[in-house]
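In what follows, a structure is listed as structure tokens, so that the remarks can point back to it.
Each reported figure results from applying straightforward, stated rules to the coordinates on display, with no laboratory input. Worth saying up front: this structure is predicted, and the values here are computed from it rather than measured. Using ideal geometry, Cβ is built from the backbone for each residue, glycine included, and neighbour counts are taken over all protein chains shown.
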Amino acid sequence: MGFLAGKRALIVGVATERSIAWGIAQVMHREGAQLIFTVPNDKLRERVEPLAASVGAGPVLSLDVTSDAELDAVFATITREHGSLDALVHAVAFAPREALAGGFAESTSREAFRIAHDVSSYSLTALARGAAPLMAGRAGSILTLSYLGAVRSIPSYNVMGLAKASLEANVRFLAADLGPKGIRVNGISAGPIKTLAAAGIAGFRKMLSRVAEVAPLRRNVTPEDVGNAAAFLLSDLSAGITGEILYVDGGFNTVGMSFPAEAES
Ligand code: NAD
Ligand code: 0WE
């Protein structure tokens with residue numbers, strides 16, 4: 001029997017078969033979890049419905065995380081249809097495209113700052129508040145996805161770095177708030193992966209190859225690498241872990257200096 005057997009999970013952030021959230025969903029399905037998916041619009045609904053069906057999930061729910069009404073509706077539906085929740089995956093990030101290019105100060109408008117923090121960090125607070133009553137007395141686990149730009153400056157990541165720093169603080173404050181109710185809250189800081197959110201980011205391919213040269217494991221990570229670590233953090237195997245950010249990046253963040261690997265086979 002899988003280590004997530006009997007667990008029901010809400011997964012927010014599947015857009016395509018390359019989505020990190022889809023990598024997580026596949027591992028969770030493999031380990032026996034029952035999954036509920038959401039999409040923010042009808043265009044993504046068409047892409048996600050076949051994926052959801054392939055892992056035996058029920059109807060895909062509508063959720064734009066900037067809408068309080070849609071957040072309320074999702075939790076009302078889950079309360080009515082299922083009555084409980086064991087796991088929540090938050091894999092959502094957005095900043096206006098023009099904020100993810102050029103110099104940080106020049107590119108960061110008040111509006112881009114607001115949107116990035118609303119979609120990418122506040123949404124975790126709102127989802128955790130909605131999920132908590134459904135997780136009461138059930139060893140719930142909440143997981144979000146972060147990136148190294150939360151704690152290091154990275155060219156062009158710009159205001160998303162500030163939003164990820166806020167997201168990581170969100171993990172710690174939610175962990176303290178919900179821990180006494182038996183709910184754990186953690187983050188995975190993933191290395192770069194070619195997904196829809198990475199498409200059209202200038203220089204992303206170069207970034208992937210640089211990471212693969214420098215990271216101790218000398219490769220990029222995959223959605224399945226992230227999915228396996230995610231399934232652990234969402235399961236009772238990690239019952240003693242909360243408020244933590246786990247790096248799944250081939251060790252890239254731990255390296256202080258690295259030389260070109262001429263002598264490697
Ligand atoms: P993705 O494009 O597949 O997923 C991003 C998701 O955010 C999409 O499903 C999209 O629908 C959703 N989203 C955006 N705005 C929304 C809104 N208003 N309401 C509801 N959903 C909304 O890309 P991904 O790379 O799988 O991203 C998932 C998470 O992983 C993000 O938090 C991202 O920051 C993080 N991450 C990605 C990488 C990478 O290199 N791809 C690395 C580290 C962390
Ligand atoms: O968190 C992310 C990207 C999130 C993202 C992506 C987009 C593209 C489309 C947020 N908002 C938007 N807005 C859009 O209009 N990542 C961790 C992937 C990523 O994005 C980068 C990176 C990495 C890594 C942008 C610049 C530099 C590095």
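In whole angstrom, how long is each semi-axis of the equivalent ellipsoid of the range 112-265, when you take the square root of 5 times every eigenvalue of its Cα gyration tensor and sort them from largest down?
After diagonalising the Cα gyration tensor, the semi-axes are 30, 19, 12 Å.
Normalising by the residue count of the range 80-170, find the relative contact order in percent from Cα pairs under 8 Å and 6+ residues apart. Intermediate results must be reported in sequence, preceding the final value.
Details: 131 pairs, mean separation 37.3, N = 91.
So the answer I get is 41 percent.
How many times 2.2 N^0.38 Å is the alpha carbon radius of gyration of the range 1-61?
Working: Rg = 10.8 Å, N = 61, 2.2 N^0.38 = 10.5 Å.
Computed over Cα atoms of the range 1-61, the ratio equals 1.03.
Filter the trypsin sites (Lys or Arg not before Pro) in the range 108-190 to those in DSSP coil with at most 16 other Cβ atoms within 10 Å of their Cβ, and list the result. Provide the component values of the computation, followed by the final result.
Numbers: sites: Arg110, Arg114, Arg129, Arg138, Arg152, Lys164, Arg172, Lys181, Arg184; in loops: Arg138, Arg152.
Passing sites in the range 108-190 are Arg138, Arg152.
What residues have an amide H closer than 5 Å to that of Ser141, excluding those fewer than 5 places away on the same chain, when H is modeled at 1.01 Å from N in the peptide plane?
Ala87, Leu88, Arg184
As I understand it, the value is the acute angle between the Cα axis of helix 204-214 and the longest principal axis of the Cα atoms of the chain; what does it come to in degrees, rounded to 10?
With rounding to tens, the tilt is 80 degrees.
What do you get for Rg/Rh of the range 83-185 when both radii come from the Cα atoms and Rh is the Kirkwood radius? Please report the intermediate quantities before stating the final value.
Numbers: Rg = 15.1 Å, Rh = 14.2 Å.
Checking Rg against Rh, the ratio lands at 1.06.
If you take the Cα Rg of the range 76-134 and divide it by 2.2 N^0.38 Å, with N the number of residues, what do you get? Working shown, then result.
Details: Rg = 15.9 Å, N = 59, 2.2 N^0.38 = 10.4 Å.
Against the compact-globule rule of thumb, the ratio is 1.54.
Across the range 7-151, what fraction of all alpha-carbon pairs, as a whole percent, falls in each successive 10 Å bin from zero upward?
11, 40, 34, 12, 3
Residue separation times 0.36 nm, minus the C-alpha to C-alpha distance between Phe173 and Phe3: what's the value?
Going from the current span to full extension adds 58.5 nm.
Which of the lysines could a cross-linker span from Lys181 if the Cα-Cα distance has to be under 25 Å and same-chain partners fewer than 8 positions apart are dropped?
Answer for Lys181, where 25 Å is the Cα cut-off: Lys7, listed by chain and number.
Take the Cα radius of gyration of the chain and divide it by 2.2 N^0.38 Å, with N its residue count; two decimals is plenty. Intermediate values should be presented prior to the final figure.
Values: Rg = 18.1 Å, N = 265, 2.2 N^0.38 = 18.3 Å.
Taking N as the residue count of the chain, the ratio is 0.99.
If each residue of separation counts as 0.36 nm, what is the full-extension length gain between Asp42 and Met257 once their alpha-carbon separation is subtracted?
Values: separation 215, 0.36 × 215 = 77.40 nm, distance 4.60 nm.
Going from the current span to full extension adds 72.8 nm.
Out of every Cα-Cα pair in the range 201-264, what percent are more than 13 Å apart?
Values: 1395 of 2016 pairs.
Within the range 201-264, distances greater than 13 Å cover 69 percent of Cα pairs.
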